[in-house]
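The values are calculated or read from the model by the stated rules, or taken from the named source; none is laboratory data. Note that this is a predicted model, so its numbers are computed, not measured. Positions of Cβ are generated from backbone atoms using ideal geometry, with glycine treated the same way; all protein chains shown enter the neighbour counts.
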Amino acid sequence: MAQGSHQPIALLSVTDKSGLLDFARGLHKLNYRLLSTGGTAKLLLEAGLPVTEVSQHTGSPEILDGRVKTLHPKVHGGILFDRNKAAHQTQAKEFGIEAIDLVVVNLYAFEAEAQRKQLALEAAIEFIDIGGPCMLRAAAKNYLHCAPVVDPSDYERCLAELTAGGLSLSFRKTLAAKVFRGISRYDAMIASYFEKELESPEGELAASYALDLQLQQPLRYGENPHQKAAFYRSPLSATQGLQEARVLQGKELSFNNLLDCDAAAQIVADFPEYTSVTIIKHTNPCGTALGRKGESLRDVYLRALSVDPKSAFGGIVAFNEAVDGATAEELAKLFLECIVAPSFTAEAKAVLASKKNLRVLELPYLLKGQAQQKQWDVRSVLGGILLQERDQVRTESGAWKVVTEKQPSAQQLEDLVFAMRLCKHVKSNAIVYAKDLLTVAVGAGQMSRIDSATFAAEKAKEFGRNVAGSVLASDAFFPFRDTVDLASQLGIAGIIQPGGSMRDEESIAAANEHGITMVFTGIRHFKH
């Protein structure tokens, strides 16, 4: 607060008016003179508070439909002048500039009004704030003398410190930092709005991106207890991702829970034309099933569970349709970390409520038939960030080439599509065996492709399953014919792979020798 005879001045102009009246009343009691604009001034006057309109303070009316109202030397001079400099004091007196001690401003709601409503650019620009950022930046620069208050959650502390004698230096720095961080985010949103209007060469990424990580929730720890962690959202996040999840019950979500829930959700979302259930352990599917005509959700889940019930213990289950009571009864029989679905019936909620630690999440975007949004993968490495388009290619039977003499049957066509769509979600080197819209076995993360194929077949045997008659999907081409020869020994009926190896002809010849149908998709699905 300024010293001497100066009556302190607070300039209030906010879009978010939560808590404003109580704050303004507190400032009035502390002898602050209130300056304000537009709707904020009207609100304060209606509440019986004495307010001076900024236009009255400056002697200049609002012009250009309100685009210019605070851009005036009496406003910015009052915010910016250094009270400790004699030259500044002299100039302020010469030009009739009064010191402004608090700038209480938050910005036009560009995110809520323009971005979320997806307005055309010509309409969106009306929600770009000009005066607000200018005043806040000026106050943040001159934080020693004029404190910027951009966050309503700071009102209470601000009043408490003013009542106790003045704002502390550390709080002034905190307020200034919030301003620059907030304006940076605001400008990044607007820049993105303009950039999406530009035509760029196919596949070209921008020269820079503002990640602008906003805290969604703190986490107990990271992958391990000694690692700190939190969940943040960013402008590059899909708008219907895990940040929109509704947690119905259970323990606090962990870092690993979120990774596994994301992996599970992406799998079931990749089968919008089917009822889909997947069980995830350490981001890999240990059992996935698609619904057959007339099959209940409970039965689809039980088929997925039958693939690898040992690995399912402590896993994550995802569905792309509402979980009903009968399915919930089966889920409650197994120890699970999380269940993710677009919704849960009242009966299902009642059943699962008995498992108090079980995390139950509603993710509406998982509902089958939902349109797919473009998404980005953002990953960190030492020294930087890796950014790529998320692999959202969905294998379709019309987009591949049958390269063998033997043609796939109608059932094999369905299974080949299923196996390859699932394979792209499995860590490389990835092999998926599938039959009748059910995974028979999954080989993930091995250092060689034949090892993945061998491991998965051995895993199937452990649970009395036989891969004979199933199809095999590989996320990348076969460098040698050995995987095809192994497939023949196992009784595999069909193979789907990208193709593209220098030895493709050897693999094709092997498939023809063994009477196996094989298709090339032309699209690799590595997942590191």
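Restricting attention to region 442-485, report how many residues are under 16 Å from Asp308 (Cα atoms), surrounded by 17 or more Cβ atoms within 10 Å (Cβ to Cβ) and among the acidic types (Asp, Glu).
0
Taking region 126-166 only, how many residues are in a loop (DSSP other than H, G, I, E, B) and either basic (Lys, Arg) or touching a residue at least 24 places away in the same chain (Cβ under 8 Å) (or both)?
Number satisfying all stated conditions: 11.
Looking at Val417, Val519, Val426, Val442 in this structure, which one is within 30 Å of the chain's Cα centre (by Cα) and in a strand (DSSP E or B)?
When all the criteria are applied, what remains is Val442.
List pairs: first in region 308-319 and outside any strand (DSSP E or B), second crowded, with 24+ Cβ neighbours inside 10 Å and not hydrophobic (A, V, I, L, M, F, W, C), Cβ under 9 Å, 6+ apart or cross-chain?
Asp308/Gly287; Asp308/Thr439; Pro309/Gly287; Ser311/Gly287; Ala312/Gly287
Quick one: Lys424 ticks every box in (1) without any contact (Cβ under 8 Å) to a residue 12 or more places away in the chain; (2) buried (at least 20 other Cβ atoms within 10 Å of the Cβ) except a single one, so which number is it?
Of everything listed in (1) without any contact (Cβ under 8 Å) to a residue 12 or more places away in the chain; (2) buried (at least 20 other Cβ atoms within 10 Å of the Cβ), Lys424 misses just condition (1).
Quick one: count up the residues across region 445-461 that are touching a residue at least 12 places away in the same chain (Cβ under 8 Å) and outside any loop (DSSP other than H, G, I, E, B).
Qualifying residue count, region 445-461: 11.
When you scan region 82-89, do you find a residue that is over 25 Å from Gly166 (Cβ atoms), surrounded by fewer than 21 Cβ atoms within 10 Å (Cβ to Cβ), assigned by TED's automatic domain parsing to the domain that holds Thr15 and not acidic (Asp, Glu), even just one?
The answer is no, given that none of the residues of region 82-89 is over 25 Å from Gly166 (Cβ atoms), surrounded by fewer than 21 Cβ atoms within 10 Å (Cβ to Cβ), assigned by TED's automatic domain parsing to the domain that holds Thr15 and not acidic (Asp, Glu).
Please work out which one of (1) surrounded by 17 or more Cβ atoms within 10 Å (Cβ to Cβ); (2) within 15 Å of Val247 (Cβ to Cβ) is the condition Ala353 fails and give its number.
(1)
Quick check: anything in region 489-500 buried (at least 17 other Cβ atoms within 10 Å of the Cβ), of a type in the set (S, T, N, Q) and not in a strand (DSSP E or B)?
no
Collect the residues in region 365-379 that are touching a residue at least 24 places away in the same chain (Cβ under 8 Å), out of contact with any Gly (no Cβ under 9 Å at 6 or more places or on another chain) and either within 16 Å of Leu258 (Cα to Cα) or surrounded by 15 or more Cβ atoms within 10 Å (Cβ to Cβ) (or both), keeping them in residue-number order.
Across region 365-379, the qualifying residues are Leu366, Leu367, Lys368, Trp376, Val378.
Restricting attention to region 175-190, and to residues there that are loosely packed, with under 15 Cβ neighbours inside 10 Å and more than 19 Å from Gly131 (Cβ to Cβ), which single residue is modelled with the highest pLDDT?
In this case the residue turns out to be Ala177.
For region 237-280, enumerate the residues that are assigned to a strand (DSSP E or B) and surrounded by 20 or more Cβ atoms within 10 Å (Cβ to Cβ).
Ser276, Val277, Thr278, Ile279, Ile280
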